[in-house]
Structures are given as structure tokens and as C-alpha cells.
Amino acid sequence: MARPDLIHLRTLHQYETLLSPARFEVFECMRFMAPCSIADIARWLDKPSDALYQHVHQLIEIGIATSAGFRKNGNHNEELFDLTGDDVDFASLRPPLADQVMHLAGELFVKYARKTMQEAIEEKAIRYTDSDRNLIITNFLAWLSPQEFTKIRGLTRQIIQVINDARERQSGDLYMCMNMVCPVVRKKRGEKRSPATRTKSSTKTRRG
């Protein structure tokens, strides 16, 4: 039976449980492995099974994962676990919960990106030459109209579709893709925080 597209969480506790580095890594693994056993997750993450039982059961407690029966593995039955949906619904969040969840997500993704890049550098896995480059880092400041922001959001959705198609295929090299477009605020002492205003000069920058 196909999983629903989205998992709808309602409380800050549910998001706090999900958005810990260890549990989010388990969740991401299950998104393209489940239904799977804890032993399957342990092999994929290269971690001992004993360290993962608690995380999987905490995902069950908040409604993200569920028991999916058993399968025969040698002389014993192995319990399987599945997700209750393909992804978590962040888009319908509204303040004040949305502000709290985005703060948690921002902290998690920065830590996740730092860890992933550090490990890739240590293992000499990053290629820098133009012919086989496998790393993209961008960081821009720009003044966008609502129409331009909508265009960027649409392009991001196209990227997500490419990634989802590749997730189903499960072949090629494993990549992490992270993207954020967020308003920039400038706060002068004693003034209310507000969106940054344009200065007289601007700089064009290209990175890749």
C-alpha cells in the first residue's frame, strides 16, 4: 500500500523529536529504504543497531513511523518499520509554531551540512576541476520582487522533483542538497527589525 504524500505534525514536541541530528538521519534513511528493519538502517548509516532502536521507537511515538510486520531472516523473524508518509508537512505551518520549527530546522541543517562536508573533505571525496566537479556552494544577497521569489520557489520545486525521481531509482552517487531563500533584516540600535533596504551600490557575484 502506497504511503500518503505528507505527514502532518501538530505539536512542537513532535518537531523537536524529529529535528534532532540522529533521528532526522534515521528518518531520511527510511524515506527511501522503508519498509525496512533496524538492521537495514544500521548498515546504511554504518552504525550499530543497538544505537538506533530508541530513535526508531521515538519516531513511532510521534506518529512518523509505524511497525510494518515481520519477515523471515535466517532462523528468526525480523520486525520491519515503515513511515506514515513520504515527507513531513512544513509548508502549512503558521506562527507561532512555524517560527519555533524553522529555528530548529535551521540549526539542524547547518549542523548536518557542516558534518557532511567535513566528512567528504576528510575522505577526499570532493572533486574540484570543472570537468568532474561534484560540489556546489552558493551564497547571494539580492533584492527580489514577489514575482522573482515565486520564480525561485518554482525552480526549487523542479530540483526537488529531480531528487525525488533519483531517490526512487537509488543508483549513482549519494548527495546532500540543501537550499534556503530567506529575508535579510538589518537592525540598528533602538530601531525595530525590518527587511533590508537597498543601498545605492550593488555588487554582482558568481560562485559555483
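The values are calculated or read from the model by the stated rules, or taken from the named source; none is laboratory data. Not measured: the values here are computed from a predicted model. Neighbour counts run over all protein chains shown; Cβ positions are idealised from the backbone, glycine included. Just the protein is used for accessible areas: all its heavy atoms, side chains included, with ligands, DNA and RNA removed. Shrake-Rupley method; radii C 1.70, N 1.55, O 1.52, S 1.80 Å.
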Give the label of the value calculated from the structure for Rg and Dmax of the Cα atoms in Å, choosing from (i) 20.7, 78; (ii) 21.3, 61; (iii) 20.3, 74. (iii)
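Give the shape of region 39-93 as rounded, prolate or oblate, defined through the alpha-carbon gyration tensor: a ≥ b ≥ c are the square roots of its eigenvalues, a/c under 1.5 means rounded, and otherwise the shape is prolate if a/b is larger than b/c and oblate if not. The partial results should precede the final answer.
Working: a/c = 2.46, a/b = 1.75, b/c = 1.40.
Prolate.
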Multiplying the sequence separation of SER49 and MET178 by 0.36 nm and subtracting their Cα-Cα distance, what value in nm do you get? 43.7 nm
Net charge (Lys, Arg +1; Asp, Glu -1) of residues whose beta-carbon lies under 13 Å from that of ARG71, ARG71 excluded, is -3
Could you give the length gained by full extension between ARG71 and LEU104, i.e. 0.36 nm per residue of separation minus their alpha carbon distance, to one decimal place? 8.3 nm
Using the Kirkwood radius built from alpha carbon pairs, what does the Stokes-Einstein equation give as D for region 78-120 at 20 °C and 1.002 mPa s, in µm² per second? 166 µm²/s
Rank GLU61, GLU122, GLU16 by mean-square fluctuation in a GNM of the chain with C-alpha springs under 10 angstrom and give only the top-ranked residue. GLU122
Not counting ligands, DNA or RNA, and with a 1.4 Å probe, what is CYS177's accessible surface area in Å² rounded to the nearest 10? 90 Å²
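Counting Lys and Arg as +1 and Asp and Glu as -1, what is the net charge of the other residues whose Cβ lies under 13 Å from the Cβ of GLU123? Before the final figure, lay out each step's value.
Numbers: positive: LYS115, LYS124, ARG127; negative: ASP46, GLU119, GLU122, ASP173.
Residues close to GLU123 contribute a combined charge of -1.
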Acute angle (nearest 10 degrees) that the helix 146-169 long axis makes with the longest principal axis of the chain, alpha-carbon atoms: 20 degrees
Per-residue accessible area for PHE109 at 1.4 Å probe radius, Å² rounded to 10? 70 Å²
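Using a 1.4 angstrom probe on the protein heavy atoms only, could you order ASP89, ASP5 from most to least accessible area? Mind showing how you got there, number by number?
Working: ASP89 15, ASP5 115 Å².
The ordering from most to least exposed comes out as ASP5, ASP89.
How long is the gain from THR156 to GLU119 if the chain were fully straight, where each residue apart is worth 0.36 nm and the alpha carbon distance is subtracted?
10.7 nm
If you place +1 on the Cβ of every Lys and Arg and -1 on the Cβ of every Asp and Glu, how big does the dipole about the Cα centre of the chain come out, in debye to the nearest 20?
Values: 31 positive and 26 negative charges, 332 e Å.
For this selection, approximately 1600 debye.
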